[in-house]
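Engineer: Sharing a structure here in structure tokens format.
The values are calculated or read from the model by the stated rules, or taken from the named source; none is laboratory data. What you are looking at is a predicted structure, and each value in this text was computed from that prediction instead of being measured. Glycine also receives a Cβ, built like all others from the backbone with ideal geometry; neighbour counts cover every protein chain displayed. Note: accessible area is taken over every heavy atom of the protein model, side chains too, but ligands, DNA and RNA are not part of it. Shrake-Rupley method; radii C 1.70, N 1.55, O 1.52, S 1.80 Å.
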Amino acid sequence: MKITIRPARVEDAQSINDLRRMPGVFENILGMPSENLKRNEEFLQNMDADSHQFVAIITDEAGKERIIGMAGLSVRPNPRLRHSADLGIMVHKDYQGCGVGNKLMETLIDLADNWLMLIRIELGVYTDNEHAINMYKKFGFEAEGVNRKAAVRNGQYVDTLMMARLKNSVNCKSALLRDFDGK
């Protein structure tokens, strides 16, 4: 299966809306089964320079694209917080565990590190979503705390784990000290 990652477009709104409403997806992304198409259209139309959204697509034999995932970074607009961004990601239920999330994460990390020069990427994930937590750890995210009863899922209040990836946080300090000491 060849997965292509490209920037999200306004004409992707229906497919993104379908993905956000899909059982097996919406429960883990703060989505709703009643997700509104207009909301997704407006989101895509109103993206500014601080919103970087990508879709994962596969193409069938007839050349028709199918969106099987989406991920994005939202850079903080406050000048004192512009070194950080929030991350969101979702993958079609039939393609979870097939590398789609990894491809999307690789794209976001490359953008964050090499183009946006971000130091910090933050995300929230349900504490029982072990598959996602393990993927985030693989990309250098670490747990920072738990927000208790942070969201509603299936009629229950559930906790979210706050995670962040700090680019070169320890290595930078060590290199600065080494250079300063002349060693």
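Engineer: List every DSSP H helix in the chain whose Cα atoms extend 15 Å or more along the helix's own long axis and whose mean Kyte-Doolittle hydropathy is at least -1.0.
Structural biologist: Values: long enough: 100-114 (21 Å, 0.09); 169-181 (19 Å, -0.12).
Helices meeting the criterion: 100-114, 169-181.
Engineer: Enumerate the amide H contacts of ARG6 below 5 Å, restricted to partners 5 or more residues apart or on another chain; note that Pro and chain-start residues carry no placed amide H.
Structural biologist: Close amide H contacts, sequence-distant or interchain: VAL55, ILE57.
Engineer: Okay, next question. Using just the helices of the chain, give the 222 nm mean residue ellipticity in deg cm²/dmol: DSSP H runs with n ≥ 4 each add -39,500 (n - 2.57), and the total is spread over all residues, rounded to 500.
Structural biologist: Working: 5 runs with 55 residues, N = 183.
Computed mean residue ellipticity for the chain: -9000 deg cm²/dmol.
Engineer: Could you give me the radius of gyration and the Dmax of segment 56-139, taking only the C-alpha atoms into account and expressing both in angstrom?
Structural biologist: 14.4, 48
Engineer: Kindly provide the Kirkwood hydrodynamic radius of segment 3-54 in Å, to one decimal, from all pairs of distinct alpha carbon atoms. The partial results should precede the final answer.
Structural biologist: Details: mean 1/r = 0.0860 Å⁻¹.
Evaluated on segment 3-54, it is 11.6 Å.
Engineer: Quantify, in whole percent, the carbon and sulfur part of the accessible surface of the chain (1.4 Å probe; protein heavy atoms only). Before the final figure, lay out the partial values.
Structural biologist: Details: 5620 of 11100 Å².
Here it works out to 51 percent.
Engineer: List the residues, sorted by chain then number, that are 5 or more residues from ALA151 or on another chain and whose placed amide H is less than 5 Å from its amide H.
Structural biologist: Amide H neighbours of ALA151: VAL158.
Engineer: OK, next. Take the eigenvalues of the Cα gyration tensor for the chain, scale each by 5, and report the square roots as semi-axes in whole Å, largest first. Intermediate values should be presented prior to the final figure.
Structural biologist: Details: eigenvalues 180, 82, 54 Å².
Semi-axes (√(5λ), whole Å): 30, 20, 16.
Engineer: Just to be sure I understand: with springs between alpha-carbon atoms less than 10 Å apart, which residue in ILE58, ILE16, ILE29 has the highest mean-square fluctuation in the Gaussian network model of the chain?
Structural biologist: ILE58
Engineer: In segment 16-159, if the dipole is taken from +1 on Lys/Arg beta carbons and -1 on Asp/Glu beta carbons about the Cα centre, which of ILE29, ASN134, GLY145 is farthest to the positive end?
Structural biologist: Checked the options; the winner is GLY145.
Engineer: Hey, another quick one. Could you list the trypsin sites (Lys or Arg not before Pro) in segment 61-94 that lie in coil according to DSSP, counting only those with at most 14 other Cβ atoms within 10 Å of their Cβ?
Structural biologist: Working: sites: LYS64, ARG66, ARG80, ARG82, LYS93; in loops: LYS64, ARG82.
Those satisfying the criteria are LYS64.
Engineer: Beyond a 30 Å Cα-Cα separation, which of these cross-linked pairs lie in this structure: LYS38/LYS138; LYS103/LYS167; LYS64/LYS137; LYS64/LYS138; LYS38/LYS93; LYS2/LYS137?
Structural biologist: Values: LYS38/LYS138 35 Å; LYS103/LYS167 19 Å; LYS64/LYS137 34 Å; LYS64/LYS138 32 Å; LYS38/LYS93 23 Å; LYS2/LYS137 25 Å.
Correct reply: LYS38/LYS138; LYS64/LYS137; LYS64/LYS138.
Engineer: Hey, what's segment 56-168 come to in accessible area per residue, 1.4 Å probe, Å²?
Structural biologist: Numbers: 6370 Å² over 113 residues.
With the other protein chains kept in place, segment 56-168 gives 56 Å² per residue.
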